[in-house]
Amino acid sequence: MLRQSKRDPKPSPGIPGHPDEPSSILDTLPHPPTAATRSLAKKLEAQENSIQALRADVHAHTTARIMSLDEFEFDPKHPSAVPKSTTSKTEASSAPTTTAPPNTLPFDNLKELNRYRRHTQQEKRRGTHLSQTYDPTTLLHRPPTAAELTLPMLLANQTHLGHATSLWNPSNSSYIFGVRDGIHIISLEVTYAYLKRAAKVVQEVARRGGIILFVATRKGQEEIVVNTAKLAGGYHIFHRWVPGSLTNGQQILGACGVKVVDIHDREITQYRNAFTAGNHTVMRPDLVVCMNPLENQVCLHECGLFNVPTIAVIDTDANPAWVTYPIPANDDSLRSVALIGGVLGQAGKEGQRLRKLEAMRGSATYPTDHVHSTLEAIQTIAAMDVQEPEKASERD
Amino acid sequence: MGRISLTALNVRRTAVAKLKAKQITQQPSWLNIVGDIPPAQILVRQPSLQHPLTKVRTRSLPSGKTEQYVQVVEPRKRKTLKDRHLFMPKRLQYEEDSLRSRFFSDHPWELARPRVVLETSGDQYKNADWSTGLIQPGVPLSGESVVQRQLWLLQNVPDITVSQAYDIARKEFYSLRRQEETRNRIAAEEARHMGAQFGKPAIQIGMKIENEMYNDWERWSRQVVAEQTQRTAAFEGSISKVEDDSIKEIAQSEGEPERPAIGTGVFAQQQKLESRSLRRAGQQAKASV
């Protein structure tokens with residue numbers, strides 16, 4: 001015979017109220033109070049009352065004691081001074097009902113709480129010296145630039161770890177350094193060179209005012225991709241690449257708004273009415289950076305169809321022919337993706353800085369003639385107030 | 001299927017062709033950039049890197065000088081040399097691997113110690129100088145220190161064997177561990193003296209949980225036994241306490257200790273006892289009459 005476990009399936013409950021059942025539904029019905037139950041209830045109530053009174057008494061006693069301790073300050077001049085706490089003690093114990101309930105919130109506001117926390121942390125750190133600490137948010141807040149990148153940094157951020165040897169894509173054989181413990185090790189030098197090249201491309205595109213789109217749709221990459229896009233002055237997708245965003249863009253993204261800006265990125269409000277939502281051709285990115293190409297094959301395929309250059313992190317199981325500029329690195333580690341995103345983001349930031357510098361001098365880093373001609377054409381169309389053919393036929 | 005699409009690689013060429021054919025009117029902003037920074041060559045297979053096992057040793061020459069030299073252990077050649085093996089990545093091997101496996105097979109409990117495996121900057125071993133001993137700045141004492149120290153000895157002490165270097169490194173390690181343990185013990189004693197409480201150790205907590213499980217089981221088994229005896233008693237009746245005592249008394253008076261019977265002896269013993277008790281009951285009845 002085996003001992004029953006809690007995880008064993010429970011026997012199915014029988015028919016409630018059946019006479020064979022040990023417990024009947026009649027048991028659960030509340031019975032009318034009788035004399036005996038009433039007396040019991042009275043007794044219970046009396047006992048509870050007495051317990052509460054006792055508790056209040058004890059509480060008053062302890063608070064009085066604590067207050068007396070607070071009042072007592074050690075006087076170095078009169079070390080034999082006795083704390084005068086007897087009066088307060090008797091007062092408190094004589095009036096237990098007047099004591100206020102203890103304050104459940106020890107801090108009045110968040111500011112005080114934060115001050116307290118900071119203080120305790122400072123006290124904890126006193127007398128200890130921490131060296132070689134790792135803070136995962138450093139890569140987000142202060143990512144290295146392409147010039148600051150080193151091989152030990154790449155190694156520490158796990159960019160060299162590939163997939164199991166059986167999962168490899170043989171097109172990546174030139175990026176692979178060797179086999180260790182059943183996985184491929186990506187060559188750090190190759191990663192370094194390709195990452196620098198990609199950073200250069202991002203910087204140049206940003207300098208010429210191109211639209212850069214960062215795509216990272218894996219779980220946990222949201223913060224990284226948002227941070228990267230913010231740095232590079234680009235755009236990001238972290239949820240899902242909607243298939244057809246490029247090939248069927250007018251339908252999918254037509255309802256989004258655009259604005260016309262000058263070389264200093266200030267909006268020109270004059271064209272606001274001409275470019276209302278749904279009244280313009282969709283914008284297409286000039287560069288797409290993808291952090292997880294395996295999940296975004298559709299995106300890369302559409303970029304190929306629409307002639308958009310792409311940059312992607314290529315792990316040992318991905319196909320490098322999907323992208324224009326592969327970065328051979330580990331795409332499964334968030335730390336590695338954060339480093340690569342940070343470097344690209346810094347490159348974009350540098351490009352934007354150069355572009356704005358050029359704009360301060362009064363010239364644009366990109367051609368503006370075709371934009372002028374387009375805007376003029378739009379204005380003439382608006383001035384002519386062309387009716388749509390259907391409406392015109394209705395009027396006739 | 002099977003064909004490789006080079007569309008992504010040829011973005012520039014396509015864009016230039018489209019411009020020429022006036023499919024697009026405006027030159028894309030990235031066109032010159034992709035021209036200036038061309039995409040890298042992909043899909044080109046290079047013969048894979050060889051990773052022979054290299055060992056650095058020092059030997060003393062007859063002239064009295066010492067000389068450091070490098071031994072290269074070539075991997076065994078494959079019997080069937082196929083073209084694809086030429087491009088397969090090779091296994092990475094280092095001399096430390098054998099030293100590490102030796103140390104940890106001899107000291108398996110070193111692996112049970114908590115250890116930080118997180119890389120901080122990748123430069124943690126930059127300031128380590130293994131000629132000075134096992135304690136290095138920023139490197140906690142562990143089996144890895146022994147391996148590095150042994151490697152240094154192997155590379156720099158003339159005519160030393162692997163086992164000699166191992167003995168030196170591990171004895172240094174033992175003495176340091178002893179020091180550490182003594183220091184920790186004294187620190188704990190001092191802290192206890194000053195009123196620190198460390199709570200129950202993990203093993204005691206484990207024992208407590210185990211005891212609870214045993215007690216629980218015992219309670220359950222007692223209940224089951226009680227139920228079973230009740231059921232059998234309801235089915236075939238039980239001997240009353242008086243009868244049981246009398247049987248024991250007889251057994252004592254006869255002088256032979258009651259022995260548990262085996263096999264068919266069970267029935268014989270049972271019969272004997274029954275007849276005795278019956279006889280005694282009859283005698284009692286007569287006496288009462």
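Please verify whether the stretch A:220-240 includes one or more residues that are more than 10 Å from chain B (Cβ to nearest Cβ), over 28 Å from the mean Cα position of the chain (by Cα) and surrounded by fewer than 18 Cβ atoms within 10 Å (Cβ to Cβ).
Checked the stretch A:220-240: no residue is more than 10 Å from chain B (Cβ to nearest Cβ), over 28 Å from the mean Cα position of the chain (by Cα) and surrounded by fewer than 18 Cβ atoms within 10 Å (Cβ to Cβ).
For (1) within 11 Å of chain A (Cβ to nearest Cβ); (2) within 16 Å of residue A:156 (Cα to Cα); (3) assigned to a helix (DSSP H, G or I), each residue gets a yes or a no:
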{"residue": "B:100", "(1), (2), (3)": "no, no, yes"}
{"residue": "B:103", "(1), (2), (3)": "no, no, yes"}
{"residue": "B:111", "(1), (2), (3)": "no, no, yes"}
{"residue": "B:117", "(1), (2), (3)": "no, yes, no"}
{"residue": "B:120", "(1), (2), (3)": "yes, yes, no"}
{"residue": "B:126", "(1), (2), (3)": "yes, yes, no"}
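Does the stretch B:65-98 hold any residues that are in contact (Cβ under 8 Å) with a residue 24 or more places away in the chain and away from every other protein chain (no Cβ under 14 Å), and which are they?
B:66, B:68, B:95
Select from the stretch A:302-349 the residues that are over 19 Å from residue A:199 (Cα atoms), within 12 Å of chain B (Cβ to nearest Cβ) and under 23 Å from the mean Cα position of the chain (by Cα) and list them in ascending order.
Listed by number, the list holds a single entry, A:333.
Check the stretch B:213-231 and report whether any residue there is farther than 30 Å from residue A:4 by Cβ, hydroxyl-bearing (Ser, Thr, Tyr) and in a helix (DSSP H, G or I). Please lay out each step first, then the result.
Applying the first criterion (farther than 30 Å from residue A:4 by Cβ) to the stretch B:213-231 yields none.
No, the stretch B:213-231 contains no residue that is farther than 30 Å from residue A:4 by Cβ, hydroxyl-bearing (Ser, Thr, Tyr) and in a helix (DSSP H, G or I).
Only strands (runs of 3 or more DSSP E) wholly contained in the stretch A:234-335 count here; list those with 2 or more residues that are out of contact with any Leu (no Cβ under 8 Å at 6 or more places or on another chain) and at pLDDT 95 or above.
A:310-314, A:325-328
Would you point out the residue of the stretch A:136-157, among those that are under 16 Å from the mean Cα position of the chain (by Cα) and without any contact (Cβ under 8 Å) to a residue 60 or more places away in the chain, that is farthest from residue A:350 (Cα to Cα)?
A:137
Enumerate the pairs (first residue in the stretch B:1-29 and in contact (Cβ under 8 Å) with a residue 40 or more places away in the chain and facing chain A (nearest Cβ under 8 Å); second residue anywhere and assigned to a loop (DSSP other than H, G, I, E, B) and surrounded by 12 or more Cβ atoms within 10 Å (Cβ to Cβ)) with beta-carbon separation below 8 Å, excluding pairs fewer than 6 apart on the same chain, so at least 6 apart or on different chains.
Pairs that qualify, where the first residue is in contact (Cβ under 8 Å) with a residue 40 or more places away in the chain and facing chain A (nearest Cβ under 8 Å) and the partner is assigned to a loop (DSSP other than H, G, I, E, B) and surrounded by 12 or more Cβ atoms within 10 Å (Cβ to Cβ): there are none.
Sort out which residues of the stretch A:197-212 are surrounded by 23 or more Cβ atoms within 10 Å (Cβ to Cβ), closer than 23 Å to residue A:330 by Cα and out of contact with any Gly (no Cβ under 6 Å at 6 or more places or on another chain), and write them in order of number.
Of everything in the stretch A:197-212, those that are surrounded by 23 or more Cβ atoms within 10 Å (Cβ to Cβ), closer than 23 Å to residue A:330 by Cα and out of contact with any Gly (no Cβ under 6 Å at 6 or more places or on another chain) turn out to be A:198, A:199, A:201.
Of (1) part of a loop (DSSP other than H, G, I, E, B); (2) hydrophobic (A, V, I, L, M, F, W, C); (3) within 7 Å of chain A (Cβ to nearest Cβ); (4) free of Cβ contacts under 8 Å to residues at least 24 places away in the same chain, residue B:34 satisfies all except one. Which?
Of everything listed in (1) part of a loop (DSSP other than H, G, I, E, B); (2) hydrophobic (A, V, I, L, M, F, W, C); (3) within 7 Å of chain A (Cβ to nearest Cβ); (4) free of Cβ contacts under 8 Å to residues at least 24 places away in the same chain, residue B:34 misses just condition (1).
Here are some conditions: (1) under 37 Å from the mean Cα position of the chain (by Cα); (2) within 14 Å of chain A (Cβ to nearest Cβ). Residue B:46 meets all but one. Which one does it not meet?
(1)
Return the residues of the stretch A:156-187 that are more than 23 Å from residue A:310 (Cβ to Cβ), among the aliphatic types (A, V, I, L, M) and facing chain B (nearest Cβ under 10 Å); say none if nothing qualifies.
Within the stretch A:156-187, A:156, A:179, A:185 meet the criteria.
Can you go through A:208, A:197, A:218 and tell me which one is in contact with a strand residue (DSSP E or B) (Cβ under 8 Å, 6 or more places away or on another chain) and among the basic types (Lys, Arg)?
Checking each option against the conditions leaves just A:197.
The values are calculated or read from the model by the stated rules, or taken from the named source; none is laboratory data. The shown structure was predicted, so the numbers you read here are calculated from the model rather than taken from an experiment. A quick note on method: Cβ atoms are made from the backbone with ideal geometry, for glycine too, and the neighbour counts reach across all protein chains shown.
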